[in-house]
Amino acid sequence: MNEQSSTNKKAWEYRAYEFWEKRDGSPQEKAMEIIENPLASLKKHQQFFHMIDGMKIANICGSNGRKAVPLSLLGADVTVFDISEENKRYALELAQCANTNIEYVIGDIYDIDLDRYSHLFDILYLEGGVLHYFNDIERLMNILFSILKSGGRMILSDFHPLKRCIGRDNTIIHGYFDEELHNGDVAYKSFFDAAEHDSFPEVSLRYYTLGEIINSVISAGLTLKQFEEHRVWNGENIPWEFTIIAVK
C-alpha cells in the first residue's frame, strides 16, 4: 500500500461508522429506505441500471454500501472494493438488514488481485467523488480496464473539476492545473462538533483537470460513449458533478 493510500485508510477508518449513522441512520433504518425503492437509491444514475439481473458489478470505493445494496436488490452480483474497515462494517450490516448479499473486499485499489478479477465484471460503478484519492489516474484506469469484461461498461461519476475553482460568492480560486498532493479534511469531519475536529486524521488528495480524467479513460483503451455535467443539488447554474459512460 503506498503512502497516499495508507494516509487515506487511516482517515477513513476514524469514526466513519459513527458518521454513517449520523447521516444515514442505523443500517436497519437505511435498509428500510432502500428496500422501499432500490432504483431510486441510485438517484441520477437510475437510467443506467435497468435490467441488471445476474450481472456482475464492481462498486469501486463503494463506501458504506448505499449503492451496492440497492444494486444487489435489483438482482446484480455486487462486489465492493474499498479501503475502510469502518465502511465495510456498515455496508455488511446494511446488506444483512436488507436481506441481501454483497461481497466486500478491503484493500488498496492499486493492489486488486488481477488474476482473480481479470475480465470479470459487466459494470464498474464509481461515484461520490473518489478520483482524488488516487495519485496515478492512468494506473487506476488501466486496472479498471483489466477487471472489466469485453463489452462491459464503466459508469464514473465524480466532482466536476471546475467545482474547486468556485469559491463563496462565485469568487475564483486559482489552482486548476495543480499536480501535487494536497492534505485535506476527511469528507465527514464537518458532521462532528468543532471541538473534536483536531483529532481527525487528514486525507491525501490529488486533483485532476477534466482533460486528465477524460484522457485517462481513453488511454486505458475504453471507448467514451457519453459525458454528462450536473448542476448543484438545488439546480444552481454552475457545474458540480459529471458522469462518464465508457465501454470496453
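Between Ile173 and Asn37, with labels modelled 7 Å along Cα→Cβ, what's the label distance in nm to one decimal, could you check? Label at Ile173, label at Asn37, 3.3 nm between them. Charged neighbours of Ile244, selected by a Cβ distance under 12 Å, balance to -3 (K, R count +1; D, E count -1). Pairs of Cα atoms in the stretch 3-247 fall into 5 Å distance bins, from 0 up to the last occupied one, in shares of 1, 6, 13, 17, 20, 19, 15, 7, 2, 0, 0 percent.
Ordered by the number of other Cβ atoms lying within 10 Å of each residue's own Cβ, fewest first, Tyr110, Tyr104 fall into the sequence Tyr110, Tyr104.
Counting beta carbons within 10 Å around each of His50, His160 and listing the fewest first gives the order His50, His160. Residue order for Val80, Val217, fewest other beta carbons within 10 angstrom first, comes to Val217, Val80. The alpha carbons of the stretch 132-181 give a radius of gyration and a Dmax of 15.2, 46 Å, in that order.
The largest-to-smallest principal axis extents of the Cα set in the stretch 134-235 are 51, 30, 27 Å.
Bear in mind these aren't lab numbers, they're just calculated from the coordinates by the rules spelled out. Please read these numbers as outputs of a predicted model, since none were measured by experiment. So basically every Cβ, Gly included, is an ideal-geometry build from the backbone, and we count neighbours across all protein chains shown.
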